[in-house]
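To keep things clear, I will list the structure first and then write my remarks on it.
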There are 2 protein chains.
Amino acid sequence: MNKITTPSMSLHDLTANTIRGLTMDAVQKANIGHPGMPMGAADMATVLWSRFLKFNPEDPHWPNRDRFVLSAGHGSMLIYSLLYLTGYELPLDELKQFRQWGSQTPGHPESHLTPGVETTTGPLGQGISNAVGLALAEKWLAAHFNRPGYDIVDHHTYVIASDGDLMEGISHESCALAGHLGLGKLIVLYDDNHITIDGSTDLSYSDDVPKRFEAYGWFAQRADGHDPDAVEKALRAAVAETDRPSIIAFRTHIGFGSPNKQDTSSAHGEPLGDEEIRLTKENLGWPTEPLFYIPDQVLIYMRGAARAGAQRQAEWTELVAAYETTYPELAAAYRQSLSGELPDGWDEGLDQLFEPGKSIATRAASGAVLDLVSPRIPFLVGGSADLTGSNKTRPKNVKHLTRDDFSGRYIHFGIREHGMSSILNGMALHGGIRPYGGTFLVFSDYLRPTIRLACMMEIPVIYVFSHDSIGLGEDGPTHQPIEQWMGLRTIPRLLLFRPADAAETAVAWQVALENWTGPTALALTRQGLPILDRAKYASAQEGVKGAYVLSDVPDPQLILIGSGSEVHIALEAQELLAAEGVAARVVSMPSWELFETQPAAYRESVLPAAIPLRVSIEAGVTLGWERYVGPQGAMIGLDHYGASAPYKELYKNFGLTAENMAGTALDLVKKAA
Amino acid sequence: MNKITTPSMSLHDLTANTIRGLTMDAVQKANIGHPGMPMGAADMATVLWSRFLKFNPEDPHWPNRDRFVLSAGHGSMLIYSLLYLTGYELPLDELKQFRQWGSQTPGHPESHLTPGVETTTGPLGQGISNAVGLALAEKWLAAHFNRPGYDIVDHHTYVIASDGDLMEGISHESCALAGHLGLGKLIVLYDDNHITIDGSTDLSYSDDVPKRFEAYGWFAQRADGHDPDAVEKALRAAVAETDRPSIIAFRTHIGFGSPNKQDTSSAHGEPLGDEEIRLTKENLGWPTEPLFYIPDQVLIYMRGAARAGAQRQAEWTELVAAYETTYPELAAAYRQSLSGELPDGWDEGLDQLFEPGKSIATRAASGAVLDLVSPRIPFLVGGSADLTGSNKTRPKNVKHLTRDDFSGRYIHFGIREHGMSSILNGMALHGGIRPYGGTFLVFSDYLRPTIRLACMMEIPVIYVFSHDSIGLGEDGPTHQPIEQWMGLRTIPRLLLFRPADAAETAVAWQVALENWTGPTALALTRQGLPILDRAKYASAQEGVKGAYVLSDVPDPQLILIGSGSEVHIALEAQELLAAEGVAARVVSMPSWELFETQPAAYRESVLPAAIPLRVSIEAGVTLGWERYVGPQGAMIGLDHYGASAPYKELYKNFGLTAENMAGTALDLVKKAA
């Protein structure tokens, strides 16, 4: 590489243009990608990272770092450029491998892959909503752990968001809640470039964004996104505003600097082309060669910002050391909350919580579990999307948090399922909090995109989905999940647990809380279910294996398999069959995912190949049950929507009965004879 | 029933209190339900239905009726009361059977069940978004068919929406678009009662709703929702505003009249109880007996409003008759658009559209199909959630519509997948339009709740889901569908079609357009696929059966099954196996749902029990494929997320190759030998 003369321009311009150059070159080399956004946002990102952001590339997990979220994830070259320039463990060669197999620079940023990427973004609206969760977590931890002179939790959450992020409905849910809760350290830089994929935003978008956010109780500004001083001024004002979240609509130009593509949608999602890159670099006063050109001054400048961050971390470390001395118990609790482990003894008595014989809905059992464990896990923070009494998500004696008092541990998320779930993702990503949230199972559809991201990011969110079947009765088919269990089972890395009684519900929570590497969904009944007599049946603890022989007989001729409330139907059917001289084993199968991780020998012991006659029962779609019932088996389910009526009538009218199950089983036996 | 004296109060109050009484009694009789909302909204609903709404109970499908949407579907007793009082085919006995098996009065209103219910509501945010679709359809039809003096399409769409509707993100998406498009005949009555299930809205909600809607370009008012004159005045102003949609925040009191439960969340979702009902009726000056009391005057009053509507329909019918004479061609087109049938010859040449040998992405083939059929189906109206060029949803020579010019047939929905889908539902419900919309398949997750409702309502929406697998390559796992096909297959009544080449894509559109009783989803590739030589292989037309023998051999030893782009891998594997002396049949399976409706004999002919060795290939989760491969078969898929890289590398690295498929098949043959 020939030595070239550094262009004569300010350090700011040098840096912003470096980002533009890296972006153009990386996208061109990959021959696919999104150059326009990083080119347009380079100025505001440079100001943010060089003059505001508190970060230490040597310790990307420093708990008190500012969080930076690139909600407009398609502009991934922006963050990859910044991570390299500031010295994160992301070599320049990775930028040259943009979007290639095995690189750390995928098309959209992935938090589990690239140090310094706080959350996986790309599906629009998710990043800004995760950011609300990050800011909420910060405010919660600060309220719990800070003491006068010891602001050990004290950082901002910055977001760069696009038109698309703000058009998405989830942004309404999460940002309205952020306003309601007064998340004053959340600052959104809105990349107001007037361009979407289809063309001008005029085609589809005429929101007055600042006014909209003011209606949520935000502090809103407008500023020129290419004037570094204007950017700094607006950011200073946003930082100074501590009671309300801030949004700044920064007017920018997509593809900034490109003579023929700036301000056009063609700059959004395709390489500029070699010739246009040449013209753009010339227009920006940038060397056309070498590719991936980085002036030394820029590295010095940006790594200086990083060094300042390292210095701030050092000061913070000293502060925490003093805090440990002054507040040893609090400090221990703080460490515990960040440890990624549950406190010792958190589950004491959990397996003894429920007395057999009584009848209790599994949602109520779930509530009782929370009552027991919540005091022992002080960093367990959750809520519901306005179904607190239904979901039984609020432990007794737990206060809800308000904008003026974050000492509570319960969150009224409002009727915002999708936003709630994305906020939970942000809380989990922040660290220091173990988040959960509740809604009806049927509304798991509303938050499916966020579940997928939680799975991809391997973060430990817990979903409390009550009203898990037609067993909810009269609310009718709009509220009755039918396809939701199987739909959730299709999501890789999600753990779904549908307990059959209170004791299995305790196991479900145990599994969920001990699962730190991905989300867990609990499916819970509205209706009461008998607590099984475990003296008579196998221990509920066997549920940790996902499926187990609940009730066996000598030499079973067939196997009855059920999940959740339908397990009780299988047990009844077992007795009906016994009366007919047919020996049937009953298998409770609360979690397919857990069962499938068991050794083959265990799975064979539960569902032996030698017993091919099997009947499954689950009040939902049968698709997928072939896996366990096999070609000689039969499936009882609901391959259609439910209806509005008392639930016992629904079960009867839809054939989800012990009589039908026993009859189906008898038919199998006769056919096989 | 003893004759009782009608209480001395205005006709308005009599009517509103009748609604309150019917609501309290029906919910109490069912012993479950939501009395508070109808009691609070009774005044504004009475004003709307008695003084504004244009409807004819004798013809609930009159095309020019006003549409009334109860977005707060939990308040179903409000609409059931109104339907009975105005004389729809809903006997009083049905109200007494509220929420019972087989009644027409389910917990939440269902459009396919109850005459006068325009859309199925309950999942919050859906109704108001359907209403945007209804209003959009009206404006489109008016722009296309009205002529001076002949406003044959001219009606309003009224919505009663709750806090919950407005908190839901989908309301942001749909209402922002409604403002952008200037849907001036859309009028939302916001039931601003300050109460959600969890308690006061203060717990979670501090939006300035009028300001928020002004930011969308709406006309916003506030008024007292219990003062009939104030309600009328605000509605008159809303009707007078023709350029902008209107929202009126009507301050109401949930459970209005209940001495102990008004303004509390306990009025929301449970019966008041016999004693409180007695107290409430006394407080309202209402007879405590008989239950379900309806003064004759109320029936006379409300059926008078209905008669006025019938008169307006008669006038409209005359107008249309004159229109038929003056504009016979337009009138014919109008009739055609409302007929629920496709014009003759719409598919001429469709089966000859693609030449074998070339390579074309199925999304591009889909675009070519639209180019061909769009001019022939003038009421085919669609768009994309800001992925027009990617989804190939815009037929050539088709203009997009703008707020000032609705002559276009293409809609830029913006980055609003969920809203788009719910608007499509509304358009389909309106009649006169056959709607479709596009996005990436991975974002089908965003619109799943609306797909479910389309299925439940049996309405013919078409989803164009492009970028249907890891075949999209570099955009990476956030954009790569893995679990979406199987997830969609779990939704009862949804028809999913994943074509293997351009010719199957033409069949997919044929199937979709001829499916008038439910939605159809098309899964289309980003990457190019060879157009199969149908002289060599079976006709693509066989695709209408959902699965067919694409390539057969004498005495097949095994069957290779694939869908979409993976069919080509199966064909390659067939050749590799032939070279090894193994005879394999290849089955293309574009649609499970269609295949499952075929006669057993046909299914057996495609997948004979006598050939139990089967290998499936699909670049997604394998869960569910057991149905077709059986216990001796093998499944090739992706039970994990994808990665960012050129797609051919992804297929290779993930084992989605002909070599792997042939090897897997060979193993099966060896094992079985």
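The values are calculated or read from the model by the stated rules, or taken from the named source; none is laboratory data. Fair warning: this is a prediction, and the values are worked out from it, not measured in the lab. Neighbour counts run over all protein chains shown; Cβ positions are idealised from the backbone, glycine included. To get the accessible areas, we keep the full protein, side chains included, count just its heavy atoms, and leave off ligands, DNA and RNA. Shrake-Rupley method; radii C 1.70, N 1.55, O 1.52, S 1.80 Å.
Shortest first, in nm, what separates the label point of B:Thr6 from those of the same position in the other copies (7 Å along Cα→Cβ)?
List, nearest first: 9.0 nm.
What does the helix-only formula give at 222 nm for chain B: each DSSP H stretch with n ≥ 4 adding -39500 (n - 2.57), the total divided by the residues, and the result rounded to the nearest 500 deg cm²/dmol?
Rounded to the nearest 500, the figure is -12000 deg cm²/dmol.
With 28 Å as the limit, write out which pairs from B:Lys185/B:Lys399; A:Lys392/A:Lys648; A:Lys96/A:Lys281; A:Lys536/A:Lys648; B:Lys185/B:Lys211; B:Lys358/B:Lys671 have Cα-Cα distances beyond it, or answer none.
Distance filter (> 28 Å) returns B:Lys358/B:Lys671.
Which cross-chain or sequence-distant (5 or more) residues have an amide H under 5 Å from the amide H of A:Arg67, H modelled 1.01 Å from N in plane?
Correct list: A:His156, A:Thr157, A:Tyr158.
With each pseudo-label sitting 7 Å past Cα toward Cβ, what's the A:Leu338-A:Thr402 distance in nm, one decimal?
So the two model labels end up 3.1 nm from each other.
Could you give, in nm with one decimal, how far A:Trp516 is from each other copy of that position, shortest first, with labels 7 Å out from Cα toward Cβ?
Nearest first, the other copies' label points are 6.0 nm away.
One decimal, nm, shortest first: give the distances between the label point of A:Thr325 and those of the same position in the other copies, each label point 7 Å from Cα along Cα→Cβ.
10.1
For B:Ile561, what is the net charge nearby, where nearby means another residue's Cβ is under 11 Å from its Cβ and Lys, Arg count +1, Asp, Glu -1?
+1
Considering the options B:Gln104, B:Gly133, B:Gly169, tell which one lies farthest towards the positive end of the dipole of the stretch B:76-191, charges being +1 on Lys and Arg and -1 on Asp and Glu at the Cβ, about the Cα centre.
Going by the Cα projections, it comes out as B:Gly133.
Between the stretch B:208-273 and the stretch A:366-400, what is the separation of their alpha carbon centroids in Å?
Cα centres, the stretch B:208-273 to the stretch A:366-400: 33 Å.
On each of the three principal axes of the Cα atoms of the protein assembly as shown, give max minus min coordinate, whole Å, ordered largest first.
Projected onto the principal axes, the Cα atoms of the protein assembly as shown cover 103, 79, 76 Å.
What is the mean projected area of the alpha carbon convex hull for the stretch B:398-465, to one decimal in square nanometres?
4.6
Per 0.36 nm of contour for each residue apart, how much would the distance between A:Glu580 and A:Glu289 grow if the chain were fully extended, relative to their Cα-Cα spacing?
Taking A:Glu580 through A:Glu289 to full extension adds about 96.2 nm, to one decimal.
Antiparallel as a % of all DSSP beta bridges within the stretch A:543-672, to the nearest 5?
Counting only bridges with both partners in the stretch A:543-672, antiparallel ones make up about 20 percent.
Kirkwood Rh and Cα-based Rg: tell me the resulting Rg over Rh for chain B, rounded to two decimals.
1.04
Please identify the DSSP H helices in chain A that span no less than 24 Å along the helix axis (Cα) and have a mean Kyte-Doolittle hydropathy of 0.0 or more.
Qualifying helices, which must be both long enough and hydrophobic enough, are A:126-145.
For the stretch B:50-157, give the percent of accessible area contributed by carbon and sulfur heavy atoms, probe 1.4 Å, rounded to a whole number.
That fraction is 45 percent.
Using all alpha carbons of the stretch B:350-530, what is the percent of pairwise distances in each 10 Å bin, ordered from the shortest bin to the longest?
10, 41, 37, 10, 0
Which whole number gives the average count of other chain Cβ atoms within 10 Å of the Cβ atoms across peptide B:630-641?
2
Other chains' Cβ within 10 Å of B:530-541 residues: what's the mean?
The per-residue average across the peptide is 0.
Quick one: if you take sqrt(5λ) for each eigenvalue of the C-alpha gyration tensor of the stretch B:543-672, what semi-axes come out, biggest first, whole angstrom?
22, 18, 13
How high is the relative contact order of chain A? Use alpha-carbon pairs under 8 Å, at least six apart in sequence, and give a whole percent.
12
Give the separation of the Cα centroids, the stretch B:1-41 to the stretch B:644-673, in Å.
One Cα centre to the other: 67 Å.
Checking a compactness column here: for the stretch A:297-426, what do you get for Rg(Cα) / (2.2 N^0.38 Å), N being the number of residues?
Normalised Cα radius of gyration, the stretch A:297-426: 1.47.
Charges at C-beta only: +1 for Lys and Arg, -1 for Asp and Glu. How large is the resulting dipole of chain B about its Cα centre, in Debye rounded to 20?
Dipole magnitude for chain B comes out near 500 debye.
Determine the shielding of peptide B:97-105 by partner chains: average, over its residues, the number of Cβ atoms on other chains within 10 angstrom of each Cβ.
Taking all residues of B:97-105 together, the mean is 4.
Consider all pairwise Cα distances in the stretch A:53-208 and report the whole-number % of them above 18 Å.
In whole percent, the long-distance tail amounts to 61.
For chain A, what is the percent of antiparallel DSSP beta bridges, rounded to the nearest 5?
15
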